[in-house]
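To start, the structure itself, in structure tokens.
Read the figures in this text as sums done on the coordinates, not as results from a lab. Note that the coordinates shown come from a computational prediction; the quantities given were computed from them, not determined experimentally. Methodologically, a virtual Cβ is constructed for each residue, glycine included, from the backbone with ideal geometry; neighbour enumeration extends over all protein chains shown.
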Amino acid sequence: MSSAPKDVSRRHLITGKKGETLALRYLKKEGFRIITQNYRNRIGEIDIIAQEGEVLVFIEVKTRSGDDFGAPQAAVDYRKQLKISQVALSYLSEKGLMSCCCRFDVVAIRTGMKAKQVELIRNAFEMTI
């Protein structure tokens, strides 16, 4: 029996963790204040919740080691936006922040090149309910 699926899954997790570490470093350098990472509730997960000025920012990190599956940000499709929006709405309700100003960003990371590329896409999508 082959262990290929387990190896692929492990590589995927390692790539994702490396991407989140790069994203955190980048966001801090850009002046974001990190509130939490890997916020989970019964609905799902948000990679990073941060603050930029007066704005609460929900951030999805997508990392690709190549272009075989397209640009990293393309993976944040409508279904993913819906899930992130639902988790964010739950977070805002839980923390009593329903009236705060917030937005949804994506950090797209490509690691398969000599120099890693990190791209911050502000206002990548609007809350989808």
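Odds and ends about this structure:
- Relative to the dominant Cα principal axis of the chain, helix 78-94 is inclined by about 40°.
- Residue-averaged 222 nm ellipticity for the chain, from DSSP H runs of 4+ at -39500 (n - 2.57), nearest 500: -11500 deg cm²/dmol
- Helix 4-29 vs. the chain, principal-axis angle (Cα, 0 to 90°, nearest 10): 50 degrees
- Size of charge dipole - segment 4-125 - debye, nearest 20, with Cβ of Lys, Arg +1 and Asp, Glu -1, no other charges: 420 debye
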